[in-house]
1. Can you confirm whether Val120 is among the hydrophobic types (A, V, I, L, M, F, W, C) and exposed (fewer than 15 other Cβ atoms within 10 Å of the Cβ)?
2. Got a sec? Which of Ala89, Ala83 is open to solvent by less than 40 Å² (accessible area, probe 1.4 Å) and within 26 Å of Phe160 (Cα to Cα)?
3. Given (1) loosely packed, with under 13 Cβ neighbours inside 10 Å; (2) farther than 23 Å from Ile21 by Cβ; (3) hydrophobic (A, V, I, L, M, F, W, C), where does Phe41 come up short, assuming only one miss?
4. Does Phe146 meet the test of being within 13 Å of the chain's Cα centre (by Cα) and without any contact (Cβ under 8 Å) to a residue 40 or more places away in the chain?
5. Could you check region 10-36 and list, in sequence order, the residues that are open to solvent by 40 Å² or more (accessible area, probe 1.4 Å) and over 17 Å from the mean Cα position of the chain (by Cα)?
6. Quick check on my filter: what residues within region 35-54 are of a type outside the set (D, E, K, R) and assigned to a helix (DSSP H, G or I)?
7. From the residues in region 1-34 that are assigned to a helix (DSSP H, G or I) and among the charged types (D, E, K, R), which one is modelled with the lowest pLDDT?
8. Can you pull out the residues in region 130-157 that are loosely packed, with under 14 Cβ neighbours inside 10 Å and within 19 Å of Gln97 (Cβ to Cβ)?
Amino acid sequence: MKITAPIARVISIVAWAMAAIGTLVGQIHALARAQAHPDDFVEAPLARAWGEPAIRVLRPLLDWSDPWTVYVTYGKIWVPVCAAFTAAAWLLYVRRQPTGAERRLWQLAIVGYIAMFVSVCGDYLTPWWMDRMFILGVVAMLVIGFGGIPLGILMLRNGFRPRTTPVLLMIFIPFLFAITEVTSLGSALLPLMWGWAIAAQAAVSGQNSSAVRQEVVSVGHADQL
């Protein structure tokens, strides 16, 4: 399956936009979750340290409805976020055409991303399925996290650039445990959001550079003629 240059640029732009928006709105979602689940701050004192002052400052963004409605509404941000980094990963998979074990691990990762997308759709678009979709999300995170370690190693060994992306894939599991001490579980997706946005931009920039070089070569040949 070929992805055209215009579509690749759109994927890159959307991946960057959703990474930025997800990073910011994800923290508002974390605050909304804390209001809907007050025990979260009890279990995570680091989250409470910044969360309670932030709730007071951002009160107009958090008190426009009941806590559960606010929480579910902001949680919808993860739907386009997951769609964006899944599309970016697919773009890189198509462009890279990996082989052997790396190819299988890419495919496993993309399956994990799709499962995560389905999970957040079930969580926040059909919240009455939330318990069942949460289980799917946990399974997806395990697949992404533990599959990302060997995938990242093989990507580095096989010369993938930029190196930032495979490194972020490899640290997904430790980052997940660290981030949940200071914010909500959704922000564990940050390495995927930024890793694939960076890689998609690099792929598009490399494609543009190749096109420019080809145009220069063509012009040179035309001048000689």
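1. Values: among the hydrophobic types (A, V, I, L, M, F, W, C): yes; exposed (fewer than 15 other Cβ atoms within 10 Å of the Cβ): no.
Here the answer is no, as Val120 does not meet what is asked.
2. Values: Ala83 fails: open to solvent by less than 40 Å² (accessible area, probe 1.4 Å).
Going through Ala89, Ala83 in turn, just one is open to solvent by less than 40 Å² (accessible area, probe 1.4 Å) and within 26 Å of Phe160 (Cα to Cα): Ala89.
3. (1)
4. Values: within 13 Å of the chain's Cα centre (by Cα): no; without any contact (Cβ under 8 Å) to a residue 40 or more places away in the chain: yes.
So Phe146 fails the test.
5. Within region 10-36, Arg33, Gln35 qualify.
6. First, pick out the residues of region 35-54 that are of a type outside the set (D, E, K, R): 35-38, 41-42, 44-47, 49-51, 53-54.
Gln35, Ala36, Phe41, Val42, Pro45, Leu46, Ala47, Ala49, Trp50, Gly51, Pro53, Ala54 - these are the residues of region 35-54 that are of a type outside the set (D, E, K, R) and assigned to a helix (DSSP H, G or I).
7. Applying the first criterion (assigned to a helix (DSSP H, G or I)) to region 1-34 yields 5-34.
Then drop every residue that is not among the charged types (D, E, K, R), which leaves 9, 33.
On the way: Arg9: 96, Arg33: 93.
My answer is Arg33.
8. Across region 130-157, the qualifying residue is only Arg157.
The values are calculated or read from the model by the stated rules, or taken from the named source; none is laboratory data. Because the structure is predicted, anything quoted here is derived from the model rather than measured. Ideal geometry is used to build each Cβ from the backbone, glycine not excepted, and the neighbour counts take in all protein chains shown. All accessible areas refer to the heavy atoms of the entire protein, side chains included, with ligands and DNA or RNA removed. Shrake-Rupley method; radii C 1.70, N 1.55, O 1.52, S 1.80 Å.
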